[in-house]
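The values are calculated or read from the model by the stated rules, or taken from the named source; none is laboratory data. Every value quoted in this text rests on a predicted model; they were computed, and no experiment measured them. Heads up, the Cβs are rebuilt from the backbone with ideal geometry, glycines too, and the neighbour counts pull from every protein chain shown.
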Amino acid sequence: MTTLPPASEIFSLKALAERNPALLPENRLRWMARNRTRNGLQAAGAIYDSPAGELLFHEPTTIAWLLGLTGRAKPGSAGRAMSSERKRAGVSRADDPALDRSSSESFQ
């Protein structure tokens, strides 16, 4: 059986946005909730589907997830890793076939 967090740490989307307006504005929370299966928020245990149809957030887990402490890679880490690999291989952006845009059609 799953251990539930204390009820004092569970909030609706609006209530969590009101508690943390600078870090978790309502629009950001809506995006996070809409993409919860792709972005790892649900797998991290930060969001619950209530029987009433409302999404509920576990505040400490949501904040830890947002800061990249659990359940996801930090933003931009994949792009920086690719840059480092190109530098080690001695490939410039202009020589990288993955970044070649000359072969794609332009939509003018």
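Screening V91 on (1) surrounded by 13 or more Cβ atoms within 10 Å (Cβ to Cβ); (2) assigned to a loop (DSSP other than H, G, I, E, B); (3) hydrophobic (A, V, I, L, M, F, W, C); (4) modelled with pLDDT of 90 or more shows it passes everything except condition (4). Please go through the range 13-32 and give me each residue that is closer than 23 Å to T2 by Cβ and surrounded by fewer than 19 Cβ atoms within 10 Å (Cβ to Cβ), ordered by number. Result: L13, A15.
Looking across the range 20-37, the residues that are of a type in the set (D, E, K, R) and within 19 Å of L69 (Cβ to Cβ) come down to R28, R36. Within the range 41-56, identify whether any single residue is under 12 Å from the mean Cα position of the chain (by Cα) and of a type in the set (S, T, Y), and answer yes or no. Scanning the range 41-56 turns up no residue that is under 12 Å from the mean Cα position of the chain (by Cα) and of a type in the set (S, T, Y). Tell me which of these P5 doesn't satisfy, since it passes every other one: (1) touching a strand residue (DSSP E or B) at 6+ places or on another chain (Cβ under 7 Å); (2) modelled with pLDDT of 90 or more. Unmet condition: (2).
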